[in-house]
1. May I ask which residue of 85, 52, 8 lies farthest towards the positive end of the charge dipole of segment 5-89, with charges of +1 (Lys, Arg) and -1 (Asp, Glu) on Cβ and the Cα centre as origin?
2. Using 7 Å Cα-to-Cβ label points, what is the residue 78/residue 10 separation (nm, one decimal)?
3. Which of 54, 32 has the fewest other C-beta atoms within 10 Å, and how do the rest follow up to the most?
4. Need one number: the % of Cα-Cα pairs in segment 50-89 sitting beyond the 16 Å mark.
5. Cα to Cα, under 12 Å, and not fewer than 8 places away if on the same chain: which aspartates and glutamates meet these conditions relative to residue 3?
6. Considering the alpha-carbon set of segment 1-69 alone, what are its Rg and its Dmax in angstrom?
7. Using modelled amide H (1.01 Å from N, peptide plane; none on Pro or chain starts), what sits under 5 Å from the amide H of residue 80, excluding residues fewer than 5 places away?
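Read-outs: derived from the displayed coordinates by stated rules, not from any lab. Just so you know, these numbers come straight off a predicted model, no measurement behind them. So basically every Cβ, Gly included, is an ideal-geometry build from the backbone, and we count neighbours across all protein chains shown.
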Amino acid sequence: MKKLKDKAFFENINEFLCNYLPRIQAKSNLTIISYRITLNLFLSYLCSTFAIDIFAIETTMLTNENIVRFLVWLEVSRCNSIATVNIRL
């Protein structure tokens, strides 16, 4: 199995989805699923944009520029409505 380049990044995502949202924020399962889908889309976007494997994703890739480009990608390439793009944001 490949080694994660930024293990803490994925540990933080797991902590956010499994502990913070359900226990501290008391978010519903559907809200957590929505967050998970968005994070998976963003990770897929990073992999395809940078032509990298998911194991190579790093926290440093979470930039304003990459997030804005992701939102544009959702609207243009995936034909998401502005409402959907805003939800993903």
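1. 85
2. 2.1 nm
3. Numbers: 54 14, 32 17.
Fewest to most other Cβ atoms nearby, the residues stand as 54, 32.
4. Details: 330 of 780 pairs.
More than 16 Å apart: 42 percent of the Cα pairs in segment 50-89.
5. Cα-Cα hits under 12 Å: 53.
6. When restricted to the Cα atoms of segment 1-69, Rg and Dmax are 13.0, 36 Å.
7. Hits under the 5 Å cutoff: 75.
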